[in-house]
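The values are calculated or read from the model by the stated rules, or taken from the named source; none is laboratory data. Just so we're clear, the structure is a prediction, and the values are computed from it rather than from any experiment. Here the Cβ positions follow ideal geometry from the backbone for every residue, glycine too, while neighbour counts run over all protein chains shown. Heads up: the accessible areas ignore ligands, DNA and RNA and are worked out on the full protein's heavy atoms, side chains in. Shrake-Rupley method; radii C 1.70, N 1.55, O 1.52, S 1.80 Å.
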Protein chains: 2
Amino acid sequence: MSGGGMSGGAVRAPVRARTGFEDGAAFVDGRIVPIGAATISIVDTGFSRSDVTYDVVGVWQGAFFRLDDHLERFESSCRSLRLRLPHTREEMAAILADLVRTAGLRDSYVETICTRGVSRKGVRDPRTFENRFYAYAVPFVWLLPEADAETGMDAVIARTVQRIPTTSVDPTVKNFHWADLTRGLYEAYDRGARYPILLDADGNVTEGAGYNVFALVDGRLLTPASGTLEGITRRTVMELAEREGIPAELVALPEATFRQGAELFATTTAGGVMPITSLDGEPVGDGTVGPVTRRLRELYWEAHADPRYATPVDYGA
Amino acid sequence: MSGGGMSGGAVRAPVRARTGFEDGAAFVDGRIVPIGAATISIVDTGFSRSDVTYDVVGVWQGAFFRLDDHLERFESSCRSLRLRLPHTREEMAAILADLVRTAGLRDSYVETICTRGVSRKGVRDPRTFENRFYAYAVPFVWLLPEADAETGMDAVIARTVQRIPTTSVDPTVKNFHWADLTRGLYEAYDRGARYPILLDADGNVTEGAGYNVFALVDGRLLTPASGTLEGITRRTVMELAEREGIPAELVALPEATFRQGAELFATTTAGGVMPITSLDGEPVGDGTVGPVTRRLRELYWEAHADPRYATPVDYGA
């Protein structure tokens, strides 16, 4: 239980998966199927050209967290790629709730996907393709295993690869172009760690393999202004920090400045606020979870009960 | 028929697709299925992280062209990404021949794919995933429609996007990271053309959306040495040019030098040697197919009958 903020939830009746949906449920071609049966065509350019965007929203203790913000970002990503979503925001919200209910999940990792689709024979003009919407809900995913919530993340600054620059791929449009992040992941594992952080060509910190990063430097929280996803968890943490009187700033973040962090942490929907307790094999501070990180982690989970952020799932009778 | 080199083939008995395989055949999870039924899991990281490599080999007049070279490059790409192919080269060659035979194709576009596979629950270490092999054979794909073989390609130098740099993604490992190329494709269509060519951050020419490019400058054929796929069609054309006494060189190719080309052309398995007759709306040379391009196109198709390059498909009785 990362951060312990989860202990305050009201006791609710247990929910059950529909038979066959115990591992999760997916929305494919207009139908709900078990996650194990959820597939896309091998010739959908969402696969064969990675011409696709996606978003991930969490369900915690029976409620979506910032659902509207996630769907708004998803719609914005689709517009940037000139993908036409076949569903309105309200329709998508209903589909996602249906998936969570079908899978019987109080805590869930819920993904929306829009692909360019399949080219018609001999036609390469992507403007003519029929775009496709997919979604699925599976049990909540912890990017940092729950058992390691106090141990924290063992991070490395990747040396063998740079983050894909914004002049080539827009990182604010959530995408599956992870070859650089995957190279970083391999480097991290090869160096005995698990969490890579990538630099850009100028030596500034960008992000990790699925997470934004923060450094607490001289009492200010710093996180990269560009070259990275505009994370909704990142946004939440910045809002919570400001409320606590801790300045939080989007900056160009040179590696050397990042290394000065008295505390370092990462943020993602798949786990919230995750302490980085070692960097390149050296402890960060005294190698334990710092007080600012701990406080923000608590506040982050408490925010899940805030009615401004929570959209309860109707699990039916 | 691009280039007319195809008229020299011997007359052979017609082949027929197995019922249901008229649009193509795919190898998925160890079985041969119609291309329309070929899918991958929505949670295969080959899709969800574009953690995948592929290759494309052509079948022309009943024979694979440079099959061993394509399979060698595919194996090399897998090694670079630390993907473990579940099949030997001989097994893959047999699978591909089986697909072409099942689809009843004399002329075919044949793709091999290896994905990282599905992560086990809660395990992010990609070194532990079971990698997956897929393949399919469909009717031959012409990147430049056959009807336009003499009209040629209308190309543009992309202004809105740069090619993903080699420091982030290795372009010699054939990959689906096409967001930059797709942005270029949209730009080309928006500018009334069809074929983008992308520059790198230094203003050097790299490649297009699925093709290498060449410029004939002062009697020498120039093509980019880096930042681009090491195309097998490109290699073939360089070998054929040398045989004709035309020097062919891998160079850093600034945009200005490329623009000096008396002839420009592109190369790809999906079409061979394709003349570029206009660039940014202006004619290249006199706007018709140049003599060197024409000669190389003829030689390219003639090479398909060369027993050093051709691997005949056994279509059975």
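Which residues, taken from the range B:142-169, are in contact (Cβ under 8 Å) with a residue 40 or more places away in the chain, at the interface with chain A (Cβ under 8 Å from one of its Cβ atoms) and open to solvent by 20 Å² or more (accessible area, probe 1.4 Å)?
Those that are in contact (Cβ under 8 Å) with a residue 40 or more places away in the chain, at the interface with chain A (Cβ under 8 Å from one of its Cβ atoms) and open to solvent by 20 Å² or more (accessible area, probe 1.4 Å): B:Trp142, B:Arg163, B:Pro165.
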Item checked: Output for the range B:178-208, where each listed residue is touching a Gly at 6+ places or on another chain (Cβ under 6 Å) and either outside any strand (DSSP E or B) or open to solvent by 10 Å² or more (accessible area, probe 1.4 Å) (or both) -> B:Asp200
Check: Of the residues in the range B:186-218, how many are in contact with a helix residue (DSSP H, G or I) (Cβ under 6 Å, 6 or more places away or on another chain), at the interface with chain A (Cβ under 9 Å from one of its Cβ atoms) and of a type in the set (A, V, I, L, M)?
Finding: 2
Check: Can you tell me which of A:Leu96, A:Leu85, A:Leu81 is over 27 Å from A:Ala17 (Cβ atoms) and away from chain B (no Cβ under 14 Å)?
Finding: A:Leu85
Notebook entry, point to check: With (1) more than 30 Å from A:Glu187 (Cα to Cα); (2) of a type in the set (A, V, I, L, M); (3) not in a strand (DSSP E or B) as the list, and B:Val138 as the residue in question, which single condition is left unmet?
Noted result: (3)
Check: How about the range A:78-93: which of its residues are more than 21 Å from the chain's Cα centre (by Cα) and in a helix (DSSP H, G or I)?
Finding: A:Glu90, A:Glu91
Next item on the list: Output the residues belonging to the range A:38-67 that are within 9 Å of chain B (Cβ to nearest Cβ) and either on the phi > 0 side of the Ramachandran plot or without any contact (Cβ under 8 Å) to a residue 12 or more places away in the chain (or both).
Entry: A:Thr39, A:Ile42, A:Ser48, A:Ser50
Notebook entry, point to check: Across the range A:263-290, which residue is surrounded by the most Cβ atoms within 10 Å (Cβ to Cβ) among those that are touching a helix residue (DSSP H, G or I) at 6+ places or on another chain (Cβ under 7 Å) and either of a type in the set (Lys, Arg) or under 27 Å from A:Val110 (Cβ atoms) (or both)?
Noted result: A:Phe265
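Select, from B:Arg82, B:Arg124, the only residue that is modelled with pLDDT of 95 or more and open to solvent by 20 Å² or more (accessible area, probe 1.4 Å). Please lay out each step first, then the result.
Values: B:Arg124 fails: modelled with pLDDT of 95 or more.
Testing whether each residue is modelled with pLDDT of 95 or more and open to solvent by 20 Å² or more (accessible area, probe 1.4 Å) leaves just B:Arg82.
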Notebook entry, point to check: Which residues, taken from the range B:276-296, are without any contact (Cβ under 8 Å) to a residue 60 or more places away in the chain and assigned to a strand (DSSP E or B)?
Noted result: B:Glu282, B:Pro283
Check: For the range A:116-126, what are the residues that are more than 9 Å from chain B (Cβ to nearest Cβ) and under 30 Å from the mean Cα position of the chain (by Cα)?
Finding: A:Gly117, A:Val118, A:Ser119
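Out of the range A:249-262, which residues are of a type outside the set (Phe, Trp, Tyr) and surrounded by 22 or more Cβ atoms within 10 Å (Cβ to Cβ)? Can you show your working first?
Applying the first criterion (of a type outside the set (Phe, Trp, Tyr)) to the range A:249-262 yields A:249-257, A:259-262.
Passing the criteria: A:Leu253, A:Gly261.
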Margin query: For the list (1) of a type in the set (A, V, I, L, M, F, W, C); (2) within 9 Å of chain B (Cβ to nearest Cβ); (3) over 19 Å from A:Thr269 (Cβ atoms), I need the number of the one condition that A:Leu181 fails.
Written below: (3)
Next item on the list: Check off (1) part of a helix (DSSP H, G or I); (2) of a type in the set (A, V, I, L, M); (3) touching a residue at least 12 places away in the same chain (Cβ under 8 Å); (4) farther than 30 Å from A:Leu71 by Cα for A:Leu299 and give me the number that stays unchecked.
Entry: (4)
Notebook entry, point to check: Mind checking which residues of the range A:42-77 are open to solvent by 20 Å² or more (accessible area, probe 1.4 Å) and small (Gly, Ala, Ser)?
Noted result: A:Ser76
